[in-house]
Each structure stands twice: as C-alpha cells, then as structure tokens.
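The values are calculated or read from the model by the stated rules, or taken from the named source; none is laboratory data. Note that the structure is predicted; figures quoted are calculated from it, not measured. Positions of Cβ are backbone-derived with ideal geometry, glycine not excepted, and every protein chain shown enters the neighbour counts.
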Amino acid sequence: MQQPGAAPPSAADSRESAVIEATGLVKRFGEREALRGVSLSAERGELVAIIGPNGAGKTTLLSILARIQKPNEGGVRWPRGDVGWVPQQAAVYNKLTVSENLRLFARLEKVADVEATVERMLAQTGLDDRRDDPVSELSGGNRQRVNIAIGLLSEPEVLLLDEPSAALDPRQRERLWEFILDLAARGTTVVYSTHNVQEADRHANRLVVLADGELLFTGSPRELEGAVGSTGLDFEQAFVAFLRQHGH
Amino acid sequence: MRWLLLKDLQILRRSPFLVALLVLYPIVIALLIGFAVSRGPEKPRVAILNQVPESAQTLSLAGENVDIDKYTQQLYKAIEPVPVQSRKEALDKVKNGDALAALIVPPDLTQKLQTGLEPGQVEVFYNAEDPVKAQFVRDTIKSQVQDANTALTKKFTQIALSYLKLISTGGRISLLGQTFDVLGLQNAERIVTEAQRELPKDSAARAQLDQVTRFARLARENLNLSNGVLASVGTPIRVNSHVIKGGSTPLSSFAVAIALTFSLMFVTVLLAAGVLALEREENAFLRLVRGLVSRTGLLIEKVSLSAICALGVSLVMLGALGLFVDLAWHRFPLWLAAIVLGALGFAAMGVAIGGITREVRAASLLAVMISLPIAFLALVPSGAVSAGLYDVIRVISAIFPFKPTLEALDAALNKSGSIGGPLLHLAILTVAFTAIARLALRRFAS
C-alpha cells in the first residue's frame with residue numbers, strides 16, 4: 001500500500017501499472033453535461049479520493065466506473081478481476097440479519113464457498129458478534145460496514161465507495177477508515193468520493209478534483225496545496241482557494 | 001433468481017402484519033361473501049293490522065272455501081310480522097323505526113272478494129329512511145299480493161269454468177242454501193232431438209227445432225273452448241326465459257368468482273408493486289442489476305413471488321368458500337389455470353405500478369387507486385349505461401386483468417363459457433404489463 005498523502009507516480013508509470021483507467025469520459029443527461037472529458041487511473045493498493053463541490057459529477061464518475069451507467073464518450077479499462085461498488089446509501093435488506101445479507105449477496109455473486117466467505121467478511125468487518133442481528137438494528141456505522149462488506153464479497157481488485165463516511169459520527173468514521181485503510185494495505189485499490197476534504201487529505205494517495213463535470217486537478221494533497229501557491233492555509237482553505245482560482 | 005425469491009419470502013415471513021393483512025383480508029372477504037350468499041336477506045319488520053274478523057277469514061266462492069290465512073302465512077315467511085292492534089299503533093311503529101312498513105288489512109276485505117263487485121284493498125305504509133330496505137319491503141309485499149291475486153284469479157277461473165260446465169252438460173248447483181237442477185245444453189239438445197223425431201216428417205216445426213239443436217251444439221262446442229280462454233285470463237302472460245349470452249351461473253357461484261378475483265387482485269397487485277418498489281427503497285436495486293441479476297430477471301422474480309403467494313391465498317380462500325357454497329371440485333385443474341394466469345396478469349400489472357412509482361407507499365396507493373375503479377367498471381353490465389359509454393368501459397376493462405380473470409374464474413368455477421379466450425387474454429396482458437415495467441425500470445434508480 002502507498003502511504004496516504006504520498007506523491008503519485010508519473011503519468012506514464014501510472015498508465016502502465018493502473019488497475020483501473022478511465023479516459024475522456026463524457027456523460028450527458030439531456031442538455032446537461034455531467035462529465036466533460038474526465039480521465040482517471042488508479043494503481044493496486046492506491047487510495048484515490050474524488051472531491052469537488054455538489055453537482056461536480058463525483059457520483060456519475062463512480063457509477064460509470066462501477067458499470068452502472070455508460071459514458072456517452074470515452075472509455076474505461078477495467079481490471080480482470082471484479083470491481084466492488086458500495087453506494088452512498090447502505091444497499092442492504094433491513095429485515096435480514098447481517099449474515100443473511102452477506103449470504104444472499106455471496107450466493108448472487110456465485111462465490112465458491114459461501115459460508116467461508118461470509119465468515120471471512122464477518123471477521124474482517126468486526127461484525128461477528130452482530131451476525132444474527134437484523135440490519136435495521138445496527139448503527140449507521142455498522143450498517144455501512146455491512147454495505148462495504150457486501151461490496152467486498154467477490155474479493156474485488158478495485159473497490160468503489162460513494163461517500164462512505166457520510167452521516168457517520170466521528171468515532172464511527174474513524175473505525176470505518178481503519179477498515180478501508182486495512183483493505184488498501186492488503187492490495188485493494190480504493191476509489192472513493194467524499195465531501196469531507198480533511199478526510200481526503202488524510203486518507204488519499206491521489207486526489208481527483210472535479211467541478212461542473214470538469215477535471216480540475218489530479219495529484220497528491222501536497223501537490224494541490226502547492227498549486228494554490230499561498231502559505232499558511234490548511235488543506236480545506238487551500239482547496240477552496242484552488243476552486244476559486246479556477247472560477248468555481 | 002431463486003435466492004432472491006427466498007429472500008423475499010424471508011422478508012415477508014418477518015413482516016407478520018403485512019402477511020396477516022394479505023392472508024386474512026381475502027379470507028375475511030370470503031367468509032363474508034360466503035355468509036351472505038348462504039343466508040337469505042334479513043327479514044324486514046312489518047307491522048300487521050289484520051282487521052278481518054276471525055269468522056270471516058274463510059272466503060266462500062261458489063260453495064268452495066278459500067282460506068285467506070294461507071296467503072297471509074306466505075307473506076309472513078318473507079317478512080318478520082309485528083302484530084298491532086290499531087291503525088295508529090301500526091303507523092307509530094313505522095314512524096319511530098320499529099318497523100320498516102305497516103300493512104293494514106281492512107275488515108271488509110273478504111266480503112268484497114266474496115261479492116266480486118269491487119276489488120279488496122289493503123294499505124301499506126313505508127319508512128323510506130333506508131331506500132334499499134324500503135324497496136325490498138315494497139317489492140316483497142307487492143310480490144305477495146300479486147301471488148294472492150293470481151291464486152284468487154285462478155280460483156275465480158275454476159269457479160267460472162264449473163258454471164260453464166254446468167251450462168254445457170247440466171247438473172246440480174248449490175246456491176244460497178238451496179240446490180238447483182240445471183238442464184244444460186247437452187241435455188237440451190238431446191231432448192229437442194227426441195222431440196223432433198216424434199214430429200211428422202213434413203212438420204214445419206222440425207226445421208225450427210233443427211235450428212235449436214244446431215244452436216245448442218254450437219254453444220256447447222264453444223263453451224268447451226272456454227277452458228283455454230279462461231286459463232289465459234288467469235295467467236295472460238307466461239315467461240319463458242332463454243339465456244343468449246353468458247352461462248347460467250347461480251348468484252352464489254358468481255359471487256365466489258367475484259370475491260376470488262377481488263382478493264387475487266388486491267393481494268397480487270399490492271405485493272408485486274410493493275416488493276419491486278422495496279428494492280429501490282432498500283437501495284439494493286442498483287447493486288442487484290450491476291450483474292447479479294438482469295432487470296428482466298428481477299421482474300420475473302417479483303411476478304413469480306406475487307403469483308405464488310396469491311395462488312396460496314386463493315386456494316385457502318376457495319377452501320373457506322367451499323364451506324358455504326357448493327364448488328365443483330372436479331374442475332380443480334381449470335380453477336388452477338384461471339388463478340395462475342389471473343395472478344400472473346395482476347402481478348405484471350403490480351410490477352408496472354411499482355416500476356413507475358418507485359416508492360412502496362406511492363405504489364400501494366396507486367395500486368388501490370387503479371384496482372378499485374377497474375374492478376367496478378368490469379362489473380358494469382351491458383345495458384346499464386349507454387352503448388357508447390359501455391364500449392369505452394369494455395375497452396378499459398380489456399386492458400386490465402380484472403375482467404378476463406373474472407371471466408376465466410367464472411368459466412372454471414361455474415362452467416359459464418369458454419375459458420380459453422380469457423386465459424389467452426391474461427397471457428397477453430402479462431407480457432404487456434411486464435414490458436411496461438421493464439421500460440419503467442430504465443429510470444427506476446434515478
């Protein structure tokens with residue numbers, strides 16, 4: 001795993017070692033262009049944060065990478081293995097227990113050993129003691145862990161997370177990030193969108209800054225601060241200044 | 001797909017209130033209809049003031065006694081009589097709601113009938129607060145009076161015929177305590193013929209007696225025709241019923257088909273619409289269609305789930321109805337075909353509603369808002385509205401599964417016609433509504 005905040009490899013190196021790569025993505029909804037020629041790549045074990053103001057196109061980009069939507073232009077090179085996708089709202093059945101949810105999706109994913117996979121995910125998410133609890137009785141943080149665990153059932157090479165820590169309190173958020181960082185440490189490429197700029201600063205090797213569907217920046221958090229040029233700003237202030245410089 | 005099916009059944013099992021509603025609702029409907037069709041309508045309370053003296057309860061017509069009480073008892077079978085002692089009491093009972101109507105029989109009724117100079121009259125007072133019951137009482141009393149009239153007319157006809165027979169063939173008659181011998185036309189003809197033989201052959205009286213004999217014969221022959229004429233007067237119009245369209249389904253059996261169709265519709269449409277919309281509300285839809293299951297596969301799963309549940313509930317309901325109504329169990333395979341195709345049609349309609357609305361509450365609301373009007377429209381009989389409006393109703397009924405399901409169930413349960421047409425109609429509707437649902441899924445997750 002790369003250390004969060006570390007400088008990303010050069011563009012050429014990046015293309016060669018990229019696990020997932022999108023090039024020139026354009027997505028239109030009627031007259032509106034949600035994405036305008038966005039390119040992105042991520043390496044094995046890399047943590048890529050997609051940030052930007054509301055309506056920037058973060059969810060649209062993730063949904064194209066997750067094969068939920070098709071781009072009008074451009075293309076995506078997906079890994080040979082699976083791509084896990086974790087939607088912002090927990091996509092789980094509230095009437096089913098934690099283990100029943102995992103078992104159902106493991107069967108639908110046609111994993112080889114359903115029970116072993118369920119046990120592994122329960123252990124990995126730390127929800128073993130809540131296995132028989134209906135999901136409706138879990139806290140928001142635990143529900144999100146189940147949500148992520150379902151995205152990991154097929155042992156994907158790339159995990160896409162749409163605002164994974166939204167609506168979580170700080171303690172739940174911290175536990176969630178421990179879990180995600182552990183995944184990346186095991187070699188899973190994690191691409192996530194977030195509104196929380198500090199979170200991106202702390203937990204990303206690479207930032208992808210979108211605004212109005214346009215790719216404004218790709219690089220490390222430190223490179224973004226450097227691009228702003230001002231000193232004495234914290235990362236969030238630097239990010240806001242960067243957007244202003246680019247007319248957003 | 002089977003894992004999704006099992007998942008939905010598991011979720012249903014953990015929603016006891018919903019399952020109770022889905023199972024109990026049709027059973028309650030079945031029991032209510034069964035109870036209603038196995039009992040006659042509640043007898044209305046009618047205040048009766050019979051002022052005819054005890055001694056005058058029997059009517060004597062030409063030596064024959066007609067017991068008025070016999071007709072009174074027939075009326076009492078159709079109503080709950082409340083005997084009263086005065087006209088005021090009878091009217092008070094109607095005014096204060098103790099009785100729906102009052103029937104006042106005047107003391108001179110039998111006397112008037114006996115003389116035959118003027119018709120007997122009875123008075124009826126109604127309480128019209130409940131128009132349905134008032135109409136029922138009115139019809140019941142009218143029908144019973146009509147029956148009495150018919151019976152009395154028949155009796156009068158018989159008496160008239162006996163008089164005519166007496167005139168034709170002769171005999172004895174008792175009248176006002178005295179017995180009379182009536183010669184009769186037949187005897188008169190015979191006497192005249194014998195008298196004629198004793199006259200000289202050239203007597204002019206022979207020709208005159210010939211005329212008398214011919215008249216007597218002609219009169220007798222024509223009087224013999226009176227039997228038929230008077231019988232026609234007694235019942236001038238007889239009704240011969242012929243069914244041109246539809247079967248001869250008894251009301252109770254048709255009620256079973258209606259109850260079953262209603263329940264099938266509600267259970268299946270609500271369930272199918274709800275379980276599809278639930279996939280979106282649980283945010284699972286996009287996760288499922290990312291490659292785990294196709295959109296069409298998901299629809300087929302929801303349609304199958306709803307049809308299976310509806311089939312189970314319908315069979316339970318038929319079992320309950322069977323306690324009240326005779327059902328032709330040997331036609332069970334046809335019932336099964338009608339229920340399965342009906343359930344599939346309703347389920348496809350349900351997923352179309354669920355796909356369009358995308359929310360469980362909105363889906364349930366729309367399901368009820370569509371189902372009720374199409375059910376009522378499908379029950380509008382031809383002739384009840386103008387021809388143009390009925391054509392519109394027929395078209396609307398044809399694009400929803402209620403009418404073909406009712407026709408298929410009626411055909412299966414009651415042998416009321418061909419079942420093939422309705423089943424084919426339902427199969428087409430199933431495909432059409434599933435296609436609509438599939439189109440709706442394009443924007444389902446947005």
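I'd like the full set of residues that are more than 22 Å from the chain's Cα centre (by Cα) and either buried (at least 17 other Cβ atoms within 10 Å of the Cβ) or more than 14 Å from chain B (Cβ to nearest Cβ) (or both), limited to the stretch A:119-133.
Residues satisfying the conditions are A:Glu119, A:Asp128, A:Asp129, A:Arg130, A:Arg131.
What single numbered condition from (1) at pLDDT 90 or above; (2) more than 30 Å from B:Thr296 (Cα to Cα) fails to hold for B:Gly322?
Exception for B:Gly322: condition (1).
I'd like the full set of residues that are surrounded by fewer than 24 Cβ atoms within 10 Å (Cβ to Cβ), within 19 Å of B:Arg13 (Cα to Cα) and among the polar types (S, T, N, Q), limited to the stretch A:82-107.
Scanning the stretch A:82-107 gives A:Asn94, A:Thr97, A:Ser99.
Among B:Ser294, B:Ser306, which is of a type in the set (S, T, N, Q) and closer than 21 Å to B:Tyr25 by Cα?
B:Ser306
Answer yes or no as to whether A:Pro156 is within 13 Å of another protein chain (Cβ to nearest Cβ), at pLDDT 90 or above and in contact with a strand residue (DSSP E or B) (Cβ under 7 Å, 6 or more places away or on another chain).
For A:Pro156, the condition - within 13 Å of another protein chain (Cβ to nearest Cβ), at pLDDT 90 or above and in contact with a strand residue (DSSP E or B) (Cβ under 7 Å, 6 or more places away or on another chain) - is not met.
Count, please, the residues in the stretch A:196-233 that happen to be within 17 Å of A:His248 (Cβ to Cβ), touching a Ser or Thr at 6+ places or on another chain (Cβ under 9 Å) and not in a strand (DSSP E or B).
Matching residues across the stretch A:196-233 total 2.
Of all residues in the stretch B:394-418, which are at pLDDT 90 or above and outside any helix (DSSP H, G or I)?
Those that are at pLDDT 90 or above and outside any helix (DSSP H, G or I): B:Ile399, B:Phe400, B:Pro401.
Residue-wise test of (1) within 33 Å of the chain's Cα centre (by Cα); (2) not in a helix (DSSP H, G or I).
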| site | (1), (2) |
| --- | --- |
| B:Leu270 | yes, no |
| B:Gly274 | no, no |
| B:Val293 | no, yes |
| B:Gly312 | yes, no |
| B:Met317 | yes, no |
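Could you say whether any residue in the stretch A:133-148 is closer than 27 Å to B:Arg14 by Cβ and either touching a His at 6+ places or on another chain (Cβ under 8 Å) or touching a residue at least 60 places away in the same chain (Cβ under 8 Å) (or both)?
There is at least one residue in the stretch A:133-148 that is closer than 27 Å to B:Arg14 by Cβ and either touching a His at 6+ places or on another chain (Cβ under 8 Å) or touching a residue at least 60 places away in the same chain (Cβ under 8 Å) (or both).
Of everything in the stretch A:112-121, what is closer than 26 Å to A:Arg173 by Cβ and modelled with pLDDT under 90? Give them in sequence order.
Within the stretch A:112-121, A:Arg120, A:Met121 qualify.
Quick one: what pairs do we get from the stretch A:208-224, first residue free of Cβ contacts under 8 Å to residues at least 24 places away in the same chain, second assigned to a helix (DSSP H, G or I), C-beta under 7 Å, 6+ apart or different chains?
As it stands, the answer is A:Leu224/A:Ala238; A:Leu224/A:Phe239; A:Leu224/A:Phe242, since those pairs meet every condition given.
Could you please let me know if A:Ser17 is at pLDDT below 90 and either buried (at least 18 other Cβ atoms within 10 Å of the Cβ) or over 13 Å from the mean Cα position of the chain (by Cα) (or both)?
Details: at pLDDT below 90: yes; either buried (at least 18 other Cβ atoms within 10 Å of the Cβ) or over 13 Å from the mean Cα position of the chain (by Cα) (or both): yes.
Yes; evaluated as a whole, the condition is true for this residue.
If B:Glu301 satisfies every condition in (1) charged (D, E, K, R); (2) within 14 Å of chain A (Cβ to nearest Cβ); (3) within 25 Å of A:Gln88 (Cα to Cα) but one, which is the exception?
Of (1) charged (D, E, K, R); (2) within 14 Å of chain A (Cβ to nearest Cβ); (3) within 25 Å of A:Gln88 (Cα to Cα), only one is false for B:Glu301: (3).
This table checks each residue for (1) more than 14 Å from chain A (Cβ to nearest Cβ); (2) under 18 Å from B:Ala412 (Cα atoms); (3) surrounded by fewer than 19 Cβ atoms within 10 Å (Cβ to Cβ); (4) among the hydrophobic types (A, V, I, L, M, F, W, C).
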site: B:Arg290; (1), (2), (3), (4): no, no, yes, no
site: B:Ser294; (1), (2), (3), (4): no, no, yes, no
site: B:Ser314; (1), (2), (3), (4): yes, yes, no, no
site: B:Asp326; (1), (2), (3), (4): yes, yes, yes, no
site: B:Trp329; (1), (2), (3), (4): yes, yes, yes, yes
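Name the one entry in B:Phe266, B:Phe262, B:Phe285 that is within 14 Å of chain A (Cβ to nearest Cβ), assigned to a helix (DSSP H, G or I) and touching a helix residue (DSSP H, G or I) at 6+ places or on another chain (Cβ under 8 Å).
One residue alone meets the criteria, B:Phe285.
Out of everything in the stretch A:59-81 that is under 14 Å from A:Glu21 (Cα atoms) and of a type in the set (D, E, K, R), what residue ends up being nearest to the other protein chains (Cβ to nearest Cβ)?
In this case the residue turns out to be A:Arg67.
Kindly check whether there is at least one residue in the stretch B:33-52 that is surrounded by fewer than 12 Cβ atoms within 10 Å (Cβ to Cβ) and either at pLDDT 75 or above or within 14 Å of chain A (Cβ to nearest Cβ) (or both).
No; the residues of the stretch B:33-52 include none that is surrounded by fewer than 12 Cβ atoms within 10 Å (Cβ to Cβ) and either at pLDDT 75 or above or within 14 Å of chain A (Cβ to nearest Cβ) (or both).
What is the residue count in the stretch A:159-168 for residues that are surrounded by fewer than 16 Cβ atoms within 10 Å (Cβ to Cβ) and either modelled with pLDDT of 85 or more or under 13 Å from A:Glu199 (Cα atoms) (or both)?
1
For the stretch B:369-391, which positions are of a type outside the set (Gly, Ala, Ser), loosely packed, with under 13 Cβ neighbours inside 10 Å and more than 23 Å from the chain's Cα centre (by Cα)?
B:Met369, B:Leu389, B:Asp391
For the stretch A:191-202, check the following and say yes or no: at least one residue is touching a Gly at 6+ places or on another chain (Cβ under 8 Å) and buried (at least 18 other Cβ atoms within 10 Å of the Cβ).
Scanning the stretch A:191-202 turns up at least one residue that is touching a Gly at 6+ places or on another chain (Cβ under 8 Å) and buried (at least 18 other Cβ atoms within 10 Å of the Cβ).
Which condition number does B:Ala398 fail, the rest of (1) surrounded by fewer than 19 Cβ atoms within 10 Å (Cβ to Cβ); (2) of a type in the set (A, V, I, L, M); (3) within 14 Å of chain A (Cβ to nearest Cβ) being met?
Result: B:Ala398 fails condition (3) only.
Exactly one condition in (1) within 7 Å of chain B (Cβ to nearest Cβ); (2) in contact (Cβ under 8 Å) with a residue 12 or more places away in the chain is false for A:Arg107; which is it?
(2)
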